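First up is the structure itself, then whatever we jot down about it.
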Amino acid sequence: MSTNGRCARAAGKLLLCAASIVLAIGLFEAPALWGLVDYRSLFQTRSAPWERSDNRPDARLLYTREGNRRLRPVLAGNDVARLSGGPVPTLYRCDVRHDRDGFRNPRDLDAADVVVLGDSLVEGFHINEHEIVTARLSERLGLTVANLARGGDGPQQELEILKRYGLRLRPKVCVWTFYEGNDLADAAEYEANQERVELWTRRPWWRRAIEASFTANSLDYVIRTLIRPEPRVPARLFTGRLAAHSGESVDLAFGSGDYRVESPREASPDFGRVEALIAEARKICREQAIAFVVVFIPTKFRVYRDLCAFDPASPCRKWRLDDLPAAMKEAVERLGTDVAFVDLTRRLRDEAAGTLVYLPDDTHWSSAGHRVAAEELATRWAALRP
């Protein structure tokens, strides 16, 4: 065979190989192009809630969910994700049902005795639906309790959810939960996130298709896992040893949901913003003859700090606890005697010595934590309804 013939044959093989690669990529990309698959979920690409294919951007809520869905997610403990030399993250499998409005209720509700507002702590990430606080509270009180909490929500979104979804259920009681781990930060970031939502809605369809594509997300995965992985810190620095749990030592990881307080947060503008939002929610409920209850949810670190032994070099030993629970109590008392306040810190601490009320490798409540919260609310229920 001549030199030209060999070159032509080699070029043909090269073109055939290239065409096969392009065809294979095209087969992967077609579902994303038609909006059937979002590869950000497959490759766990970081994305805001309003960017995800199963959500819709919303000017005030930032996002809404598709309703009437049943999911079986597998979630990993997030507090050990950035640690090296520690335990492998636990994989939590749970059964999730969303009602027509995208909230975690096993059925659609046209009315409810109680509505509960909050974020992922109350929604019950990692926990099956019959174990979450709203389901347990409903069982104990014999009342219909609507879970209107969503992961990632902050106080502004919770107020909008009360107006848009809560009032139409004609509840007798509204329970507003405040999680100290991120509610102040969520309130501070809300306006900036509104701008991001607006920019997202103005993006052309092809830009969204690229962001959901196989190529873009697979390359992102390779870069952040192999080429430029996030720095990881030794697990011993952000892990506390709990010796009192059932006679056995347990390692508790602290991280994304905890904090390093440099100054009292109750003196910050963010606290004043949240206080004003709670006051507006209380005003709305009072006009509708709805009893209003504010519940303070502490972080895992506030509950377990004094029960854990930390490495001498651990920065956790220097983390300060401010008096945010007392400040929230005073803020609620300023609203009037018709507003009830529940601080879950003491009850969770009392249970924590013998029970893991938070997941050992995550910021969220365990099943026991949901049980304890429901028991505390149920025990005090008669006094919580002025």
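Just one of 325, 312 is closer than 27 Å to residue 79 by Cβ, surrounded by fewer than 22 Cβ atoms within 10 Å (Cβ to Cβ) and over 24 Å from the mean Cα position of the chain (by Cα); which is it?
On inspection, the qualifying residue turns out to be 312.
I'd like the residue in region 43-79 that is in contact with a helix residue (DSSP H, G or I) (Cβ under 7 Å, 6 or more places away or on another chain) and either among the hydrophobic types (A, V, I, L, M, F, W, C) or on the phi > 0 side of the Ramachandran plot (or both) and, out of all such residues, is surrounded by the fewest Cβ atoms within 10 Å (Cβ to Cβ).
59
For region 341-369, which residues satisfy the criterion of being over 17 Å from residue 293 (Cβ atoms), in contact with a helix residue (DSSP H, G or I) (Cβ under 8 Å, 6 or more places away or on another chain) and of a type outside the set (A, V, I, L, M)?
Of everything in region 341-369, those that are over 17 Å from residue 293 (Cβ atoms), in contact with a helix residue (DSSP H, G or I) (Cβ under 8 Å, 6 or more places away or on another chain) and of a type outside the set (A, V, I, L, M) turn out to be 349, 351, 355, 358, 361, 362, 363, 364, 365, 367, 369.
Quick one: in region 195-235, which of the residues that are among the β-branched types (Val, Ile, Thr) and in a helix (DSSP H, G or I) is nearest to residue 313 (Cα to Cα)?
225
What is the one condition in (1) at pLDDT below 90; (2) open to solvent by 30 Å² or more (accessible area, probe 1.4 Å) that residue 346 does not satisfy?
(1)
Does residue 213 count as open to solvent by 20 Å² or more (accessible area, probe 1.4 Å), in contact with a helix residue (DSSP H, G or I) (Cβ under 8 Å, 6 or more places away or on another chain) and either small (Gly, Ala, Ser) or modelled with pLDDT under 80 (or both)?
no
Taking the criterion of being open to solvent by 60 Å² or more (accessible area, probe 1.4 Å) and at pLDDT 85 or above, would at least one residue in region 232-250 satisfy it?
Checked region 232-250: at least one residue is open to solvent by 60 Å² or more (accessible area, probe 1.4 Å) and at pLDDT 85 or above.
Write out, first by first residue and then by second, each pair whose Cβ atoms fall under 7 Å of each other, whose residues are 6+ apart or on separate chains, and whose first residue, in region 232-243, is among the hydrophobic types (A, V, I, L, M, F, W, C) while the second is at pLDDT 85 or above and part of a helix (DSSP H, G or I).
Within 7 Å, the pairs are 237/315; 238/316; 242/304; 242/307.
In region 281-309, which residue that is of a type in the set (D, E, K, R) and out of contact with any His (no Cβ under 9 Å at 6 or more places or on another chain) is most open to solvent (accessible area, probe 1.4 Å)?
286
Of all residues being exposed (fewer than 14 other Cβ atoms within 10 Å of the Cβ) and more than 16 Å from residue 230 (Cβ to Cβ) in region 80-95, which is modelled with the lowest pLDDT? Just the residue, please.
Narrowing region 80-95 to residues exposed (fewer than 14 other Cβ atoms within 10 Å of the Cβ): 84-85, 88, 91, 93, 95.
After this cut, where a residue has to be more than 16 Å from residue 230 (Cβ to Cβ) as well, the list is 88, 91, 93, 95.
Numbers: 88: 79, 91: 89, 93: 90, 95: 89.
Checking each candidate, the answer is 88.
Would you tally the residues in region 377-386 being open to solvent by 30 Å² or more (accessible area, probe 1.4 Å) and either without any contact (Cβ under 8 Å) to a residue 60 or more places away in the chain or in contact with a helix residue (DSSP H, G or I) (Cβ under 8 Å, 6 or more places away or on another chain) (or both)?
4
Restricted to region 282-296, and to residues that are touching a Phe, Trp or Tyr at 6+ places or on another chain (Cβ under 6 Å) and assigned to a helix (DSSP H, G or I), which residue is nearest to residue 172 (Cα to Cα)?
That would be 285.
Any idea which residue in region 58-112 is farthest from residue 166 (Cα to Cα), counting only those that are of a type in the set (Val, Ile, Thr) and part of a loop (DSSP other than H, G, I, E, B)?
That would be 88.
The values are calculated or read from the model by the stated rules, or taken from the named source; none is laboratory data. Every value quoted in this text rests on a predicted model; they were computed, and no experiment measured them. Please note: Cβ atoms are built from the backbone with ideal geometry, for glycine as well, and neighbour counts cover all protein chains shown. Heavy atoms of the whole protein, side chains included, go into the accessibility calculation; ligands, DNA and RNA do not. Shrake-Rupley method; radii C 1.70, N 1.55, O 1.52, S 1.80 Å.
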